[in-house]
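Chemist: This is the structure I want to talk about, given as structure tokens.
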Amino acid sequence: MTRRSPAGKPEMVRCVVLSFSDSLSADHDANAKTIESLLHEKGHDVVYRRIVKNKCDTIKEAIAEALADEECDAIITTGGTGLSRKDSAYQALSSLYEEPLPAFGELFRYLSYLEIGSKALLARASAGVVEGHPIFSLPGAPGAVRLAMEELILPQLVSLTNELRS
């Protein structure tokens, strides 16, 4: 049962967590475990988590599958945001966003800059809305995942999701 605020709005968000990688196994997917743990600490639920090949077509298929799941309110992804030819998340997700949320990437890069300096220039974290669902795309670095979750996603996840539901 979904917890509700006194105003009747849901306070719990059900998320799908996707890791984009050609080499990870479920036992070694530390970033997805971190995302899941942080979500649970704030009272949210993980519908499922999955490792997806880092290719545009498979990324788009995984997003479509998550969006079709009636239990999914939001999608959080990790990996595939680098600049190498094998990194496909940025291109795949950017092509799907009906409403980009550019401030997410801008704030993430600013916060990253404060921690790691000019290397933040390489960060292609992004967020957008597809079919009324927020999608957050995080880099595959553990520090980046924790930063994005703690400083940006978790503080706004409930209000953003409620805004999209209204």
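Chemist: Of everything in region 123-165 that's among the hydroxyl-bearing types (Ser, Thr, Tyr) and touching a helix residue (DSSP H, G or I) at 6+ places or on another chain (Cβ under 9 Å), which residue is surrounded by the most Cβ atoms within 10 Å (Cβ to Cβ)?
Modeler: Here the answer is 137.
Chemist: Another question about this same structure. Could you list all residues from region 89-122 that are surrounded by 16 or more Cβ atoms within 10 Å (Cβ to Cβ) and touching a strand residue (DSSP E or B) at 6+ places or on another chain (Cβ under 7 Å)?
Modeler: Selection gives 89, 90, 93, 96, 97, 101, 104, 105.
Chemist: Looking only at region 7-15, decide whether some residue is surrounded by fewer than 22 Cβ atoms within 10 Å (Cβ to Cβ) and within 20 Å of residue 141 (Cβ to Cβ).
Modeler: no
Chemist: Follow-up question, since we're still on this one. Please find, within region 51-65, the residue that is surrounded by the most Cβ atoms within 10 Å (Cβ to Cβ) out of those that are of a type in the set (A, V, I, L, M, F, W, C) and under 16 Å from residue 129 (Cα atoms).
Modeler: 59
Chemist: Would you pick out the residues in region 29-48 that are within 13 Å of the chain's Cα centre (by Cα) and within 10 Å of residue 13 (Cα to Cα)?
Modeler: Result: 39, 46.
Chemist: Look through region 104-143, keep the residues that are hydrophobic (A, V, I, L, M, F, W, C) and under 12 Å from the mean Cα position of the chain (by Cα), and return whichever of them is nearest to residue 24 (Cα to Cα).
Modeler: 138
Chemist: Another question, if that's okay. Which condition breaks for residue 31 when tested against (1) surrounded by 20 or more Cβ atoms within 10 Å (Cβ to Cβ); (2) of a type in the set (S, T, N, Q); (3) modelled with pLDDT of 95 or more?
Modeler: Condition (3) is where residue 31 drops out.
Chemist: Can you find even one residue in region 66-88 that is polar (S, T, N, Q), surrounded by fewer than 23 Cβ atoms within 10 Å (Cβ to Cβ) and at pLDDT 95 or above?
Modeler: For region 66-88, residues polar (S, T, N, Q), surrounded by fewer than 23 Cβ atoms within 10 Å (Cβ to Cβ) and at pLDDT 95 or above: absent.
The values are calculated or read from the model by the stated rules, or taken from the named source; none is laboratory data. Note that the structure is a prediction, hence the values are computed from the model and not measured. Don't worry about glycine lacking a Cβ; one is built from the backbone with ideal geometry, like all the others, and counts go over all protein chains shown.
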